[in-house]
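The structure appears right after this line, and notes come after that.
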Amino acid sequence: MILPSFAIVPHKVSTRFTDPIVSPLASIGVTPNMISVAGFAGNVAAAVLAASGYFIAAGILMLIFSALDLLDGALARKTGTVTKFGAVFDSVLDRLSEAAVLGGLLYHFTQVGDHTMEVALCYAAVVGSIMVSYTRARAEGIGLELREGLFTRAERVLLLAGALILAPLLYDDIVLIALWMLAVFSLFTAAQRVFAVWQKLNAGAGADPA
């Protein structure tokens, strides 16, 4: 299992915090794929809450269940069950989790008056999120390691969940601002990764043969 976004935490620090959690889970037979499914299910619940206008609850659930990304990889390493399928399965559910919450928001905005801008931004944010991951996947498919990127999943989750929690408490347009940032910066990150691939391929082509 791969930690696709929250793996920005150094391995030793991550292990220090995750081992006390994953050790009991391993002892009762919980698998990394079970945690991945639980994370997805929690984000679907967050999507339903967002669609219904319960933004604070949706944001809290999104934070909690997206943070499970810290645990599935740690549990896989702890139990020696790291698999290629697990990595793919986890990544697919991560993409679906983001799309679910943004889809819930999109539905909400179609039901509460004229929010054409919010609807368009939700769509753009989904496209940007998918393209960020797709660019990395295609790069790795041709043998390139690609970690570059301004706005990875960790930043997207924190931004959207934070906006959902704060909007009812402080300022309704925080969600609109967050959607603008998600759309612009995720699409920028996808373009940034394409450029990084171009640079790496050109650097490889220009290297002297051994």
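Derivation of every value follows stated rules applied to the coordinates shown; laboratory data play no part. Predicted model only: the values in this text are computed from it and were never measured. Reconstructed Cβ throughout: ideal geometry from the backbone, glycine too, with neighbour counts over all protein chains shown.
Here the convex hull built on the C-alpha positions of the chain has a volume of 128 cubic angstrom per residue. Given their separation in residues at 0.36 nm each and the Cα-Cα distance between them, VAL37 and ALA203 gain 55.8 nm when the chain is fully extended.
Based on the Cβ-Cβ distance of ILE56 and LEU96, what FRET efficiency does E = 1/(1 + (r/R0)^6) give at R0 = 25 Å, to the nearest 0.05? So the FRET efficiency works out to roughly 0.60. The calculated FRET efficiency for TRP180 paired with SER23, based on their beta-carbon distance and R0 = 45 Å, is about 0.60.
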